[in-house]
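Visitor: One structure coming up, written as structure tokens, with questions to follow.
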Amino acid sequence: DPFIILWTAVMAMLSFLASFTDRTGFRQHRLAQIWGDVMLRAAGVRVIVEGLERIDRESNYVFVANHQSYLDTPLILGNIPVQFRFLAKDPLFRHPLLGAHLRRAGHIPVVRDDGPYDGFTDVPLRVNALAGVLANDSDAR
């Protein structure tokens, strides 16, 4: 769909530009939430979210979703109404533009290897930080 491609390019550019003036990542995240919401609407996806009233904005959370499709990211971004950062596989951070943007937005690289997976022992989370994880079957070791 040309609209989805154009919308993604425009929002990515705005988010990248915002990353130069906002070291907290809040503006980038807000733009990503708007992007996710519009992407779902453009795709005709109707979402019903239950339990948001149980989120205490003063607490820390790790949101985990089973990564099933390309819609997972817009679903999470467009429907969790709090600031959070993704844990993402390290190779994404090696891409010159994408990696710089991910780092500026405060997302967290996770190095994976073929050895036993130790969970979140080496992940640097800040106090009052929320993390989003898109897990897939290879993460269920």
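Visitor: State the number of residues belonging to region 79-92 that are over 13 Å from the mean Cα position of the chain (by Cα) and of a type in the set (A, V, I, L, M, F, W, C).
Guide: As a first pass, look at region 79-92 and keep what is over 13 Å from the mean Cα position of the chain (by Cα): 90-91.
This time we only want the ones that are of a type in the set (A, V, I, L, M, F, W, C), so: none.
Of the residues in that region, 0 qualify.
Visitor: Does Phe63 satisfy being out of contact with any Cys (no Cβ under 7 Å at 6 or more places or on another chain), modelled with pLDDT of 85 or more, surrounded by 14 or more Cβ atoms within 10 Å (Cβ to Cβ) and not small (Gly, Ala, Ser)?
Guide: So Phe63 does not fit the description; no.
Residues are listed down the side, and each one gets a yes or a no for (1) surrounded by 15 or more Cβ atoms within 10 Å (Cβ to Cβ); (2) modelled with pLDDT of 90 or more; (3) in contact with a strand residue (DSSP E or B) (Cβ under 6 Å, 6 or more places away or on another chain):
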{"site": "Met11", "(1), (2), (3)": "yes, yes, no"}
{"site": "Leu14", "(1), (2), (3)": "yes, yes, no"}
{"site": "Arg23", "(1), (2), (3)": "no, no, no"}
{"site": "Gln33", "(1), (2), (3)": "yes, yes, no"}
{"site": "Met39", "(1), (2), (3)": "yes, yes, no"}
{"site": "Glu53", "(1), (2), (3)": "no, yes, no"}
{"site": "Asp56", "(1), (2), (3)": "no, no, no"}
{"site": "Gln68", "(1), (2), (3)": "no, no, no"}
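Visitor: If we keep just the residues of region 70-82 that are within 17 Å of Gln28 (Cα to Cα) and open to solvent by 40 Å² or more (accessible area, probe 1.4 Å), which is modelled with the lowest pLDDT?
Guide: Top of the filtered list is Pro81.
Visitor: Considering only region 83-101, I want to know if a residue exists there that is open to solvent by 40 Å² or more (accessible area, probe 1.4 Å), assigned to a loop (DSSP other than H, G, I, E, B) and either touching a Leu at 6+ places or on another chain (Cβ under 8 Å) or at pLDDT below 80 (or both).
Guide: Taking every residue of region 83-101 in turn, at least one turns out to be open to solvent by 40 Å² or more (accessible area, probe 1.4 Å), assigned to a loop (DSSP other than H, G, I, E, B) and either touching a Leu at 6+ places or on another chain (Cβ under 8 Å) or at pLDDT below 80 (or both).
The values are calculated or read from the model by the stated rules, or taken from the named source; none is laboratory data. None of the values given here were measured: they were computed from a predicted structure. A quick note on method: Cβ atoms are made from the backbone with ideal geometry, for glycine too, and the neighbour counts reach across all protein chains shown. The protein model used for the area step is the full one, side chains on, heavy atoms only, and it has no ligands, DNA or RNA in it. Shrake-Rupley method; radii C 1.70, N 1.55, O 1.52, S 1.80 Å.
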